[in-house]
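Asker: The structure that follows is given in the form of structure tokens.
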Amino acid sequence: MNNLFKGAALFIGGALVGATAALLLSPKNGEEMRQQLSDYADEAKKRMQAYCEQLKQDLAEANAREQAGEVEPEKKEA
């Protein structure tokens, strides 16, 4: 599960870097560029909030299943 989070974070980070580079290299004036960056930032914020909310729900569900004894807790290696 930890690798999943790392992979998702790397993917999102790479997507943001790529989108920012594409925007900065496009031939637009400053006002249009600022508006577009603002729109992308707002969209990214909404997506991250939705992702975090879904993650909270998934973790709560997994915790409830673990508490009910349906799933054995993952053992950490020393």
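The values are calculated or read from the model by the stated rules, or taken from the named source; none is laboratory data. Remember, it's a predicted structure, so these values are computed and weren't measured experimentally. All Cβ positions, glycine included, derive from the backbone under ideal geometry; neighbour counts span all protein chains shown.
Asker: Would you mind stating whether Tyr51 is surrounded by 12 or more Cβ atoms within 10 Å (Cβ to Cβ) and within 13 Å of the chain's Cα centre (by Cα)? Talk me through it step by step, then tell me what you get.
Answerer: On the way: surrounded by 12 or more Cβ atoms within 10 Å (Cβ to Cβ): yes; within 13 Å of the chain's Cα centre (by Cα): yes.
Here the answer is yes, as Tyr51 does meet what is asked.
Asker: If you don't mind, another one. Yes or no: Leu16 at pLDDT 85 or above, of a type in the set (A, V, I, L, M, F, W, C) and surrounded by 10 or more Cβ atoms within 10 Å (Cβ to Cβ)? Break it down stepwise before answering.
Answerer: Values: at pLDDT 85 or above: no; of a type in the set (A, V, I, L, M, F, W, C): yes; surrounded by 10 or more Cβ atoms within 10 Å (Cβ to Cβ): yes.
The answer is no for Leu16.
Asker: State yes or no: is Ala22 free of Cβ contacts under 8 Å to residues at least 12 places away in the same chain, in a helix (DSSP H, G or I), within 24 Å of Leu55 (Cα to Cα) and of a type in the set (A, V, I, L, M, F, W, C)? Quick ask: steps written out before the conclusion?
Answerer: On the way: free of Cβ contacts under 8 Å to residues at least 12 places away in the same chain: yes; in a helix (DSSP H, G or I): yes; within 24 Å of Leu55 (Cα to Cα): no; of a type in the set (A, V, I, L, M, F, W, C): yes.
No.
Asker: Out of the residues in segment 48-78 meeting the condition of being outside any helix (DSSP H, G or I) and closer than 22 Å to Ala9 by Cβ, tell me which one is modelled with the highest pLDDT. Break it down stepwise before answering.
Answerer: Taking segment 48-78 and keeping what is outside any helix (DSSP H, G or I), we get 68-78.
Next, from what is left, pick out any that are closer than 22 Å to Ala9 by Cβ: 74, 76.
On the way: Glu74: 64, Lys76: 59.
The qualifying residue modelled with the highest pLDDT is Glu74.
Asker: Do we have Leu37 as touching a residue at least 24 places away in the same chain (Cβ under 8 Å) and surrounded by 10 or more Cβ atoms within 10 Å (Cβ to Cβ) here? Outline the logic, then answer.
Answerer: Values: touching a residue at least 24 places away in the same chain (Cβ under 8 Å): no; surrounded by 10 or more Cβ atoms within 10 Å (Cβ to Cβ): yes.
Answer is no for this residue.
Asker: How many residues, within segment 20-32, are at pLDDT 80 or above and small (Gly, Ala, Ser)?
Answerer: 1
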